[in-house]
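Quick notes on the structure that follows.
The values are calculated or read from the model by the stated rules, or taken from the named source; none is laboratory data. Please read these numbers as outputs of a predicted model, since none were measured by experiment. Here Cβ is always computed from backbone atoms with ideal geometry, including for glycine, and neighbour counts include all displayed protein chains. Please note that ligands, DNA and RNA were not included when accessible areas were found on the heavy atoms of the full protein model with its side chains. Shrake-Rupley method; radii C 1.70, N 1.55, O 1.52, S 1.80 Å.
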Amino acid sequence: PPSSPVTSVPGAAEAIPPPPPVPPTTSTVVEPPATTAPTTEAAAAPAGPGQDLYMRAGENFRNNRYEEALADYDAYLRQHPNTENTPNAQFWKGETLLRLNRQQDAIREFEKLRQEYPTNSKVPYGMYEQAKAMLQLGQNDEAVALLKQLVNDWPMTRPAATARRELE
């Protein structure tokens, strides 16, 4: 996502940074970070239909080829709507759209992630990124409401911890 500051929101900080890395501890937060595109090593284990396409999308994202990544994530989601990687591809499609400064489209994709995969571990990350996009578009009340929902619905996640700090 763009690193430029966003507008001031009552009840939220000037900008919402990406979730900070958490050092290994005995913390109850266990989901993987959402700030890195899928890698060959990370995605090799859950190989399945369309794995090559999914990996190519991640490679394109990591190499800042966002238009190509978007086309690959779109193709993956069309061709493989019910695989283990489908929710991840949905999340990364939203991230790719943010990198292309298409915040409104990204908001729709993150919302789709929440609606279609409500229990997936990428949902809190998607909610956080969706709120950032909303702030960039001046949708401050909606962003604050979404951050509060994130804290309420996913309290033990890193995005919720970051959202809590931003809402103070």
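Here is a list: LEU100, LEU135. Which entry is modelled with pLDDT of 95 or more, closer than 23 Å to ASN64 by Cα, more than 12 Å from the chain's Cα centre (by Cα) and of a type in the set (A, V, I, L, M)?
Testing whether each residue is modelled with pLDDT of 95 or more, closer than 23 Å to ASN64 by Cα, more than 12 Å from the chain's Cα centre (by Cα) and of a type in the set (A, V, I, L, M) leaves just LEU100.
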Next item on the list: Sort out which residues of region 53-77 are among the charged types (D, E, K, R) and more than 17 Å from ASP105 (Cα to Cα), and write them in order of number.
Entry: ARG56, GLU59, ARG62, ARG65
Notebook entry, point to check: Pick from ASN120, ASN101, ASN88, ASN140: which is without any contact (Cβ under 8 Å) to a residue 40 or more places away in the chain and either open to solvent by 60 Å² or more (accessible area, probe 1.4 Å) or closer than 22 Å to ALA161 by Cβ (or both)?
Noted result: ASN120
